[in-house]
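Here the structure is laid out as structure tokens; the discussion comes afterwards.
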Amino acid sequence: MKNDIILAGVGGQGILSIAASIGLAAVANDLFLKQSEVHGMSQRGGDVQSHLRLSDKPVSSDLIPYGKADLIISVEPMESLRYLPWLSDKGWLVTNSNPFINIPDYPSLAEILKEIKKIKNHIIIDADVIAKESGSARSGNIVILGAASPFIDMPFTSLENAVRKLFGSKGDHIVDTNLKALNAGRECSIGLRI
Amino acid sequence: MKKLLLLGDEAIAKAALDAGLSGMYAYPGTPSTEIMEYIQSSEDSSDHKVHREWSSNEKTAIEAALGMSYAGKRAMVAMKHVGLNVAADGFINSAITGVNGGLIIVSADDPSMHSSQNEQDSRFYGKFAFVPCFEPSNQQEAYDMVFDAFEISEKYKSPVLFRITTRLAHSRASVNLRPGLPQKELSLPVDPLQFVLLPAIARGKYKSLLSSYESLRYDSLISKYNNFKDGNKRDLGIITCGIAYNYFLENVGDSIDNFPVLKITAYPFPKDLIKHITGRCKEILILEEGAPVLEEALRGILDDGIKIYGRLDGTVPRDGELNPAIVAKAIGLPLSYGQAVPSLVKMRPPSFCNGCGHADMFNSLIDAIKPYGSGHVFSDIGCYTLAALPPYNIINSCVDMGASVTMAIGASDAGLFPSVAVIGDSTFTHSGMTGLLDAVVKNSSVTIIISDNSTTGMTGGQKSQATGRIQQICKGIGVNPDHLRSIVPLRKNHSENVCTLKEEFEYKGVSVVIASRECIQTATRRKRSGNSMNNSIS
Ligand SMILES: Cc1ncc(C[n+]2csc(CCOP(=O)(O)OP(=O)(O)O)c2C)c(N)n1
């Protein structure tokens with residue numbers, strides 16, 4: 001088993017929580033894991049990415065080689081495209097459809113979605129709307145994790161447990177809304193594939 | 001066995017705590033910051049009363065750590081690579097004094113300059129100072145090496161350099177922990193003159209440093225981290241340093257059996273193993289993260305030995321960090337590639353946060369300086385350096401911590417008027433204060449704007465030594481109180497702030513304008529606080 005995952009977004013959008021959830025689940029499943037993240041300069045509203053590698057064998061490189069990623073998980077549509085050189089031909093791209101516009105030359109959303117739809121395996125969901133329906137506008141990142149979960153080779157319950165653990169210190173309410181967000185994202189994604 | 005999911009930085013921090021650390025000293029700097037942060041938030045440190053306050057700069061950090069070592073206890077210092085330039089005097093001389101309690105200096109290099117102004121390779125410093133240097137290739141190794149680094153430090157009475165790079169510092173993996181060791185007891189050096197580098201004493205100490213550096217090479221605490229593995233074929237031998245090994249292994253997988261491989265993760269270089277691999281192979285490929293340190297040593301000036309591939313002949317790019325693709329190409333393996341990035345994808349550079357005081361300060365500065373034309377503003381390192389980018393385009397320098405003040409002095413000496421410096425609060429106490437003293441003593445005609453957001457923002461909002469002290473520091477240094485001004489950088493104060501700045505530009509002496517407004521990130525975090533993450537996975 002091997003899952004090479006690229007997480008993409010803009011600084012402050014919560015991709016490190018996605019990474020931490022998958023990381024906790026991987027450890028619970030006794031998988032080997034390397035997860036490289038970007039800190040520092042690029043967090044000020046710049047693009048951020050994380051390489052997450054899960055395997056049942058030891059992982060060598062902290063970085064995923066080009067063309068070898070099984071999955072791109074993006075919380076922002078334009079950012080999902082930035083990492084196409086890493087996506088394998090069989091890989092999936094799961095992205096939020098809501099743009100984060102903090103640059104003057106942000107391209108037209110319709111054009112971006114058109115590019116995403118050219119990718120053979122893609123899932124586009126409106127994570128912000130689903131997050132709101134689940135009770136917390138701020139859990140869009142966890143909705144996206146849910147939407148990507150069918151492509152991660154670990155039992156879904158282990159991701160649920162990871163979310164419980166990750167948000168445990170913030171109280172039951174936050175745990176519940178995030179679990180709802182996770183499940184809603186997953187259902188939406190499964191629905192889109194049928 | 002207990003396991004934790006840790007960043008490379010955190011693995012080093014945890015190991016130091018488990019190895020009986022008594023004092024951690026650091027100034028923030030990407031990618032090293034999380035070492036101190038881990039120690040500050042760890043329960044182990046509060047249980048065992050480990051000293052763990054930020055220092056004003058890397059030099060004060062290393063000297064405090066040396067004092068801890070003098071008293072017989074284990075100390076660690078962490079900094080980004082350029083911090084070692086600031087700390088170099090203490091570092092190099094600590095090799096000559098030697099240590100008492102174990103002393104580890106972690107220097108985190110940033111090849112490809114993800115968040116830095118250069119990509120210098122700290123291994124040069126190891127050789128320069130004649131101290132042993134470790135360069136772990138993964139998180140587990142980083143953890144384990146710290147124990148041996150303390151041991152070798154005490155055995156040879158030498159500080160130890162611990163060189164890491166961005167990809168290890170900021171990559172997480174699971175790490176097996178060892179049982180913790182107790183802290184050392186207070187015990188002073190046996191020789192009361194050990195730390196007195198008078199020339200007559202230093203000469204003798206330097207001689208013994210030179211000879212002990214040679215014997216280090218063969219000490220098992222070093223040599224166990226340099227391993228040779230033979231291959232089925234003898235055409236191409238591979239030498240990797242540090243994390244370069246991972247990219248090599250990623251590419252060759254099981255066919256590693258075809259290559260003789262020397263994996264180096266500790267220095268001084270294992271001369272015998274290098275002779276061994278070069279003696280049995282036709283050609284050698286050297287993979288190093290950072291500068292071609294080993295490669296230059298091997299080629300020498302004559303470069304007339306075995307055929308060597310590496311960074312110096314273009315097999316590997318001369319600069320920048322390694323990655324799996326670069327290494328694949330160097331070995332001659334086919335490259336994989338996904339799809340090209342569609343042309344509509346735009347760059348998304350970092351920018352000032354909404355509600356950042358620096359931004360409002362710069363807007364006032366832009367209007368105030370306009371009549372004098374461009375080219376008057378020296379700046380420094382921090383979030384405020386973003387004013388070099390559009391739409392501000394207002395600063396003309398960013399060189400090293402504190403250089404805004406001193407470059408403004410020199411340019412003013414040369415006749416530039418007005419000569420303006422913009423410096424952050426943490427950078428000011430790091431290295432700006434001494435420059436301010438120079439300005440006061442010679443009464444330079446400079447205007448120094450201290451953009452005080454009450455935090456060390458760029459590196460994630462660590463406590464700033466300057467907070468609440470800037471006024472007094474400036475007064476104490478001797479700034480004329482009439483030209484020590486305070487402004488609040490808010491849009492509503494814009495015209496007032498422009499006036500204050502213009503007045504001070506026209507003053508022919510030292511002016512300091514303190515622009516104070518709390519960083520929006522730390523302010524928000526302070527309001528929200530209490531969201532710690534539990535990463536214990538035992
Ligand atoms: C010698 C050295 N040490 C550390 C750093 C890392 N560094 C860059 S900016 C910065 C902090 C700046 O803080 P401050 O001056 O308060 O400005 P802010 O980012 O808060 O605006 C640090 C620690 C560096 N570049 N050089």
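The values are calculated or read from the model by the stated rules, or taken from the named source; none is laboratory data. What you are looking at is a predicted structure, and each value in this text was computed from that prediction instead of being measured. With ideal geometry, Cβ positions are generated from the backbone for all residues, glycine too; neighbour counts draw on all protein chains shown.
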Practice item. Go through the residues of the range A:13-29 one by one and say whether even a single one is part of a loop (DSSP other than H, G, I, E, B) and facing chain B (nearest Cβ under 10 Å). Key: no
Review point. Which members of the range B:362-384 meet the condition of being within 30 Å of A:Glu76 (Cβ to Cβ) and either in a helix (DSSP H, G or I) or outside the structural domain of B:Asn453 (by TED's automatic domain parsing) (or both)?
Key: B:Phe362, B:Asn363, B:Cys383, B:Tyr384
Review point. Restricting attention to the range B:394-452, and to residues there that are at positive phi and more than 10 Å from the ligand (Cβ to nearest atom), which single residue is farthest from the other protein chains (Cβ to nearest Cβ)?
Key: B:Asn443
**Study point:** Selected residue (criterion: farthest from B:Ser32 (Cα to Cα)) from residues of the range A:31-49 that are more than 7 Å from chain B (Cβ to nearest Cβ) and at pLDDT 95 or above
**Key:** A:Leu31
Review point. How many of the residues making up the range B:272-316 are over 18 Å from B:Asn246 (Cα atoms), in contact with a Gly (Cβ under 7 Å, 6 or more places away or on another chain), among the aliphatic types (A, V, I, L, M) and assigned to a loop (DSSP other than H, G, I, E, B)?
Key: 0
**Study point:** Count of residues meeting criterion [surrounded by 12 or more Cβ atoms within 10 Å (Cβ to Cβ), at pLDDT below 95, more than 16 Å from the ligand (Cβ to nearest atom) and among the hydroxyl-bearing types (Ser, Thr, Tyr)] in the range B:495-535
**Key:** 0
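Every residue, every condition in (1) at the interface with chain A (Cβ under 7 Å from one of its Cβ atoms); (2) surrounded by 15 or more Cβ atoms within 10 Å (Cβ to Cβ), yes or no:
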| position | (1), (2) |
| --- | --- |
| B:Leu322 | no, yes |
| B:Ile326 | no, yes |
| B:Gly332 | no, no |
| B:Val345 | yes, yes |
| B:His358 | no, yes |
| B:Met361 | no, yes |
| B:Lys370 | no, no |
| B:Asp380 | no, yes |
| B:Tyr384 | no, yes |
Practice item. Could you grab me the full set of residues in the range B:105-119 that are touching a residue at least 60 places away in the same chain (Cβ under 8 Å), within 13 Å of another protein chain (Cβ to nearest Cβ) and more than 10 Å from the ligand (Cβ to nearest atom)? Key: B:Ala108, B:Pro111, B:Ser112, B:His114
**Study point:** Selection within the range B:380-393 - on the phi < 0 side of the Ramachandran plot, at pLDDT 95 or above and away from the ligand (no atom under 13 Å from the Cβ)
**Key:** B:Ala388, B:Tyr392
Check your understanding: Out of the residues in the range B:1-52 that are under 19 Å from the mean Cα position of the chain (by Cα) and of a type in the set (Asp, Glu), which is farthest from the ligand (Cβ to nearest atom)?
Key -> B:Glu10
**Study point:** Filtered residue count, the range B:313-338, keeping only those that are under 23 Å from A:Gly91 (Cα atoms) and in contact with an Asp or Glu (Cβ under 9 Å, 6 or more places away or on another chain)
**Key:** 3
Exercise for review: Answer yes or no as to whether B:Leu66 is in contact with a strand residue (DSSP E or B) (Cβ under 8 Å, 6 or more places away or on another chain), within 16 Å of the ligand (Cβ to nearest atom), within 16 Å of B:Leu161 (Cβ to Cβ) and modelled with pLDDT of 95 or more.
Suggested key: no
**Study point:** Positions within the range A:101-127 being touching an Asp or Glu at 6+ places or on another chain (Cβ under 8 Å) and within 9 Å of another protein chain (Cβ to nearest Cβ), in sequence order
**Key:** none
